[in-house]
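First up is the structure itself, then whatever we jot down about it.
The values are calculated or read from the model by the stated rules, or taken from the named source; none is laboratory data. Quantities reported herein were computed from a predicted structural model and do not represent experimental measurements. Glycine gets a Cβ as well: all are built from the backbone with ideal geometry, and neighbour counts include every protein chain shown.
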Amino acid sequence: MKVPALRIEVNGELVAVAGAPDLSMLSGQVAFGAAGPNSIIDTSSIVFNVMGLALNGTQPRQLTWANGLELKVGDRVTFEIVEVSDPSPPGKVLATPSSAELAREAAKQKRGGSQ
């Protein structure tokens, strides 16, 4: 079965083919910004992020690829939208609280954190 995926290259070298069955969302981003409210954009802290969100099943999950990849000015990042049978495994899979878990935690905090 083929799944939608992002084929990611940096400077012409394959980094990952990010994708997984049953994803609800898949995104890739390159960003940089100011270190604080009174500063300007700083290209020394470039953020690279590829993330998928799987909401199906009993436990929602957040999947990430290319964790820790460092970019610098002049790097060329390419995202290609593809469909593949064998995407790269994610670097991390984190449990994401379900809406019921979030509602229970919100109710608990509203009561003052007791229980």
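Annotations for the structure displayed:
- Restricting region 39-54 to residues that are exposed (fewer than 14 other Cβ atoms within 10 Å of the Cβ) and under 19 Å from the mean Cα position of the chain (by Cα) leaves a set whose member that is modelled with the highest pLDDT is V47.
- Positions within region 1-24 being assigned to a strand (DSSP E or B) and either hydroxyl-bearing (S, T, Y) or under 13 Å from I81 (Cα atoms) (or both), in sequence order: V3, P4, A5, L6, R7, I8, E9, A16, V17, A18
- Residues that are without any contact (Cβ under 8 Å) to a residue 60 or more places away in the chain and surrounded by 12 or more Cβ atoms within 10 Å (Cβ to Cβ), drawn from region 14-38: V15, L23, L26, S27, G28, V30, F32, G33
- Single residue of region 54-111 satisfying the filter (in a loop (DSSP other than H, G, I, E, B) and of a type in the set (D, E, K, R)) that is farthest from E9 (Cα to Cα): R111
- Region 57-104, subset in contact with a Pro (Cβ under 8 Å, 6 or more places away or on another chain) and surrounded by fewer than 12 Cβ atoms within 10 Å (Cβ to Cβ), residue nearest to P4 (Cα to Cα): E83
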